[in-house]
Amino acid sequence: MGAGGNPGKSRGKVLVLLGPPGSGKGTQSKKLAAFLRVPHISTGDLLRDNIRGDTGLGRRVDTSLRSGSLVSDKLVLEMLSERIECHDCAAGFILDGFPRTVGQARALDRYFRKVNGKGGKWRELVVIQLVITEALLLQRVVGRRVCPLCSGTYNIHTQRPMIEDHCDKDGTLLVARADDNKNAIRVRLMQYEKQSRPVINYYVERQEVKQLNADQSVDEVTIQLIRMIGASSDPVINSYSDAPDCD
């Protein structure tokens, strides 16, 4: 997909990308968000931003983490609800890292029904599972390199920087994450199967999940995703001016 193409439109749709670590959820979420002109919402980023901003929610999250507890589904949903009430989410948004549990999936469904019952901003919830073979997943994760300054992501196998080992944006030396090794990723895959597989089954049982072969190149997966969500080439027009603005 060329950089000069027309932006797409997914008016009123909420996209949920599911898949194991290394399947490309973050990369595809960012590419689709740019194409569709809708926000890419990472619950991990939300948690960190609220802690950094010392918000009321952030302080509660920080207390949970410092005590060694997991952040509760209720607290994550509160944070997410606050974010998606912002003006820029009115035409739709992309969720990355949520839902992670069946409880979160049910809570999202309840919230979706509640909002749509009041006239509704979002017409459709689209759930897509990125399916990838373990061998390719391991290659992608072990080959991943990250810019410590801008958080840009590269891969020595599939997405190399223009100058070896240096970020295209700011020239910073790229690094490998400490847990981007085969042993660590196998542990994370086991955790994923235990925690997130039930979420996929939840949507499968409701016939609300579409599967996409993520063994393809990054650009091929992006093109397939755009086709699956039925994006057009019309610009997104955000008409919900009564929603709050969020920086």
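Scanning the stretch 50-89 for residues that are within 23 Å of Phe112 (Cβ to Cβ) and of a type in the set (Asp, Glu) gives Asp73, Glu78, Glu82, Glu85, Asp88. Within the stretch 201-216, the set of residues being closer than 16 Å to Leu137 by Cα and either surrounded by fewer than 12 Cβ atoms within 10 Å (Cβ to Cβ) or in contact (Cβ under 8 Å) with a residue 60 or more places away in the chain (or both) comprises Leu212, Asn213, Ala214, Asp215. Residues of the stretch 36-56 that are crowded, with 18+ Cβ neighbours inside 10 Å and either over 30 Å from Leu225 (Cβ atoms) or free of Cβ contacts under 8 Å to residues at least 60 places away in the same chain (or both): Pro39, His40, Ile41, Ser42, Thr43, Leu46, Leu47, Asn50. Pick out the one residue from Thr158, Thr222 that is of a type in the set (S, T, N, Q) and in contact with a Gly (Cβ under 8 Å, 6 or more places away or on another chain). Exactly one residue qualifies, and that residue is Thr158. Of the residues contained in the stretch 16-37, none is found to be more than 20 Å from Val209 (Cβ to Cβ), touching a Phe, Trp or Tyr at 6+ places or on another chain (Cβ under 7 Å), part of a loop (DSSP other than H, G, I, E, B) and at pLDDT 90 or above. Of the residues making up the stretch 193-225, those that are within 24 Å of His157 (Cα to Cα) and either part of a helix (DSSP H, G or I) or of a type in the set (S, T, N, Q) (or both) are Asn213, Gln216, Ser217, Val218, Asp219, Glu220, Val221, Thr222, Ile223, Gln224, Leu225. Restricting the first member to the stretch 132-155 and to residues that are farther than 26 Å from Asp170 by Cα, and the second to residues that are surrounded by 13 or more Cβ atoms within 10 Å (Cβ to Cβ) and among the acidic types (Asp, Glu), the beta-carbon pairs closer than 7 Å and six or more apart or on different chains are Ile132/Asp215; Thr133/Asp215; Leu136/Asp215.
If you go through the stretch 89-107 and keep only what is within 14 Å of Leu46 (Cβ to Cβ) and assigned to a helix (DSSP H, G or I), you end up with Cys89, Gln104. Only a single item in (1) exposed (fewer than 15 other Cβ atoms within 10 Å of the Cβ); (2) out of contact with any Cys (no Cβ under 9 Å at 6 or more places or on another chain) is not met by Lys169, and it is number (2). Within the stretch 130-141, the presence of at least one residue that is under 18 Å from the mean Cα position of the chain (by Cα), farther than 29 Å from Gly230 by Cβ and among the hydrophobic types (A, V, I, L, M, F, W, C) is confirmed.
The values are calculated or read from the model by the stated rules, or taken from the named source; none is laboratory data. Since we're looking at a predicted model, the values are computed, not measured. Every residue, glycine among them, receives a Cβ derived from its backbone with ideal geometry; neighbour counts consider all protein chains shown.
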